[in-house]
Amino acid sequence: MKKDIKVKMRTYVDKNGETKNYWMKIGTLVQTDKGESINIECFPVIEGGWNGWASVFESKEEFAPKPQYQARPNLRQEPRLSLTDEDIPF
């Protein structure tokens with residue numbers, strides 16, 4: 001089981017006029033057979049300073065479908081002009 005460790009960075013008002021919180025993921029909590037482990041990926045820089053508290057949420061990454069990648073088409077084209085040494089004036 002994997003969970004996200006997040007910090008509330010700020011609040012904002014959405015287009016409907018509702019106040020929302022903006023959360024930044026700072027790490028991951030993982031449940032193993034030996035207990036819980038955490039991986040702190042970054043420390044938040046918050047105006048006024050971070051108080052050290054973070055919240056744990058169910059990870060959305062586990063439930064999100066993985067993107068399906070398709071091979072890129074070959075965008076290389078044959079040159080339109082074929083220049084010879086005689087075409088270059090220097």
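Tabulated values for the structure
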quantity	calculated
Rg in Å to one decimal, and Dmax rounded to a whole Å, for the stretch 2-58 via C-alpha atoms	13.8, 46
Long-range amide H partners of ILE26 with built H, under 5 Å	ILE5, LYS6, VAL7
Derived scalar couplings ³J(HN,Hα) [the stretch 35-45; Karplus, 6.51 cos²θ - 1.76 cosθ + 1.60; whole Hz; x for Gly, Pro]	x, 9, 10, 10, 10, 8, 8, 7, 10, x, 10
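Bear in mind these aren't lab numbers, they're just calculated from the coordinates by the rules spelled out. Predicted model, so just to flag it, every value in this text is computed and none were measured.
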